[in-house]
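Written out below as structure tokens is the structure these notes cover.
The values are calculated or read from the model by the stated rules, or taken from the named source; none is laboratory data. If you're wondering where the values come from, they're calculated on a predicted model, not measured in any experiment. Here the Cβ positions follow ideal geometry from the backbone for every residue, glycine too, while neighbour counts run over all protein chains shown.
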Amino acid sequence: MNLDLREEILRLRDEKNAIILAHFYQTPDIQEIADFVGDSLELARKAAETDARIIVFAGVYFMAETAKILNPEKKVLLPDLKAGCSLADGCPPEPFEKFIHAHPGHTVVSYVNSPARVKALSDWICTSSNAERVINAIPEDQDIIFAPDRNLGKYLMSRTGRKMVTWDGVCTVHQAFALEKIGELMKENPEARLIAHPESDPAVLKVADHIGSTKSLLEYVQHRPESSFIVATEAGILHKMQMAAPNATLIPAPIAEDNACACSECAFMKVNTLEKLYRCLRDETPEIQLDEDLLKRARVPLDKMLELV
Ligand code: 13P
Ligand code: SF4
């Protein structure tokens, strides 16, 4: 293609009154062209605030769906509809509804990495940035279901002292970090701090110096006096991290041998490309479409989350 993609995207963005939102796990070329790059919570907030006519969401399906729920009247585009998520895809609404019925009287808290129909069955939504605050907002004597990430659920139980019934889902990317190899790296780099996303396995979280959302990990690297970090989250974050802390040594946490690549990449996040982003803005498709009733029901727990923090 002979077009200067960057230029064309920016021209179309202005001409069509669009905003480009990108997650930290997108490729550097996409992050650089975006109007805003952030974690799931920040992206949901941006989507809720924007005046733009079109939202181009460079992230995964559940994130674009969330933007649509918050903006039913706007056009929300996702460069590639195949940008799924193992957590969201591993929690289909029908079995989840049965799971809720098997635990009557429970307050249902769903991680934002879930399908819109699961959100519509939930009392609260949370992201990894605000999950602890959401759990703490629920009366202490109230039983809780947490879905779909069992690792985040377990981590939250340890942080809040609450017992929760958890859906048995995992992020295949964060679950793949190899504890033994991380241990070897820590021995070889005794000055390095291990930082991890809470979707990681509890055994990895147990040895981590800091646990937090993508934004929290980024801020940690920026503000700590240490200059070396082993990073246990998706490798896309390293781009912004290195920009925020140019002198820091960033070591991607290793993953198990049987994984396809040496560093941890989310194949779903990486289906988006600059070219697909250009085409979706040019053709205004693929578009996220949800029926009106679902939009209304899924919005209730999302609004509760956004009002809380
Ligand atoms: P954040 O909310 O930290 O951006 O995480 C989103 C995600 O999908 C992590 O795998
Ligand atoms: Fe989903 Fe994991 Fe990819 Fe995040 S990294 S979008 S949780 S599969």
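So for segment 178-187 (the condition being touching a Gly at 6+ places or on another chain (Cβ under 9 Å) and either crowded, with 18+ Cβ neighbours inside 10 Å or of a type in the set (A, V, I, L, M) (or both)), does at least one residue qualify? Lay out the reasoning, then the answer.
Residues of segment 178-187 that are touching a Gly at 6+ places or on another chain (Cβ under 9 Å), as a first pass: none.
For segment 178-187, residues touching a Gly at 6+ places or on another chain (Cβ under 9 Å) and either crowded, with 18+ Cβ neighbours inside 10 Å or of a type in the set (A, V, I, L, M) (or both): absent.
Of everything in segment 83-115, what is within 16 Å of ligand 1 (Cβ to nearest atom) and either of a type in the set (Lys, Arg) or farther than 23 Å from Asp201 by Cβ (or both)? Give them in sequence order.
The answer is Ala83, Pro115.
Could you list all residues from segment 269-293 that are crowded, with 16+ Cβ neighbours inside 10 Å and farther than 20 Å from Ile33 by Cβ?
Residues satisfying the conditions are Ile288, Leu290.
Consider segment 147-198. How many of its residues are in contact with a Leu (Cβ under 8 Å, 6 or more places away or on another chain) and within 16 Å of ligand 1 (Cβ to nearest atom)? Lay out the reasoning, then the answer.
So the first thing to find is which residues in segment 147-198 are in contact with a Leu (Cβ under 8 Å, 6 or more places away or on another chain), and the list is 148-149, 151, 155, 162, 164, 169-171, 182, 186, 192, 195-198.
Next cut, within 16 Å of ligand 1 (Cβ to nearest atom) only: 148-149, 151, 155, 169-171, 195-198.
Qualifying residue count for the region: 11.
Read through the list (1) surrounded by fewer than 18 Cβ atoms within 10 Å (Cβ to Cβ); (2) away from ligand 2 (no atom under 16 Å from the Cβ), then give the number of the only condition that Pro92 fails.
(2)
Kindly indicate which of Leu290, Leu295, Leu277 is away from ligand 1 (no atom under 16 Å from the Cβ), within 21 Å of the chain's Cα centre (by Cα) and assigned to a loop (DSSP other than H, G, I, E, B).
Of the residues listed, the single one that is away from ligand 1 (no atom under 16 Å from the Cβ), within 21 Å of the chain's Cα centre (by Cα) and assigned to a loop (DSSP other than H, G, I, E, B) is Leu290.
With Ala58, Ala47 as the choices, which residue is within 15 Å of ligand 1 (Cβ to nearest atom), within 22 Å of Leu295 (Cα to Cα) and touching a Pro at 6+ places or on another chain (Cβ under 7 Å)?
Ala58
One line per residue, one yes/no per condition, for (1) over 22 Å from Ala248 (Cβ atoms); (2) in contact (Cβ under 8 Å) with a residue 40 or more places away in the chain; (3) over 20 Å from the mean Cα position of the chain (by Cα):
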| residue | (1), (2), (3) |
| --- | --- |
| Asp141 | yes, no, yes |
| Thr160 | yes, no, yes |
| His174 | no, yes, no |
| Phe177 | no, yes, no |
| Ile182 | no, yes, yes |
| His197 | no, yes, no |
| Ala203 | yes, no, yes |
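Can you name the condition, by its number, that Val221 falls short on among (1) among the aliphatic types (A, V, I, L, M); (2) in contact with a Phe, Trp or Tyr (Cβ under 8 Å, 6 or more places away or on another chain); (3) within 16 Å of ligand 2 (Cβ to nearest atom)?
Only one criterion in (1) among the aliphatic types (A, V, I, L, M); (2) in contact with a Phe, Trp or Tyr (Cβ under 8 Å, 6 or more places away or on another chain); (3) within 16 Å of ligand 2 (Cβ to nearest atom) is unmet by Val221, namely (3).
Look at segment 28-72 and say how many of its residues are buried (at least 24 other Cβ atoms within 10 Å of the Cβ) and among the hydroxyl-bearing types (Ser, Thr, Tyr).
2
Name the residues in segment 189-232 that are buried (at least 21 other Cβ atoms within 10 Å of the Cβ) and out of contact with any strand residue (DSSP E or B) (no Cβ under 7 Å at 6 or more places or on another chain), would you?
Matches in segment 189-232: Ser213, Thr214, Leu218.
Given segment 1-81, what strands (runs of 3 or more DSSP E) lie entirely inside it while holding 3 or more residues that are of a type in the set (A, V, I, L, M, F, W, C) and over 15 Å from the mean Cα position of the chain (by Cα)?
Working: elements: 18-23, 36-38, 54-58, 75-77.
Result: 18-23, 54-58.
Can you run down the residue pairs with Cβ atoms below 9 Å, 6 or more apart or on separate chains, where the first is in segment 233-260 and in a loop (DSSP other than H, G, I, E, B) and more than 16 Å from ligand 1 (Cβ to nearest atom) and the partner is at pLDDT 95 or above and of a type in the set (Val, Ile, Thr)?
Taking only residues 6 or more apart or on different chains, the pairs are Ala245/Val221; Ala248/Val221; Pro254/Ile182; Pro254/Ile230.
Does any residue in segment 1-28 that is within 17 Å of Lys74 (Cβ to Cβ) come within less than 6 Å, Cβ to Cβ, of a residue that is among the aromatic types (Phe, Trp, Tyr) and outside any helix (DSSP H, G or I) six or more places away or on a different chain, and which pairs are these?
Sorted first by the residue in segment 1-28, then by its partner, the pairs are Leu21/Phe36; Leu21/Phe57.
Pull out all pairs, ordered by first then second residue, where Cβ-Cβ is under 8 Å, the residues are six or more apart or on different chains, the first lies in segment 80-107 and is hydroxyl-bearing (Ser, Thr, Tyr), and the second is crowded, with 19+ Cβ neighbours inside 10 Å.
So the pair list comes out as Ser86/Gly169; Ser86/Val170; Ser86/Cys171; Ser86/Val173; Ser86/Phe268; Thr107/Trp124; Thr107/Ile144; Thr107/Ile145.
Which number in (1) in a loop (DSSP other than H, G, I, E, B); (2) touching a residue at least 24 places away in the same chain (Cβ under 8 Å); (3) surrounded by fewer than 18 Cβ atoms within 10 Å (Cβ to Cβ) marks the one condition that Ser128 misses?
(3)
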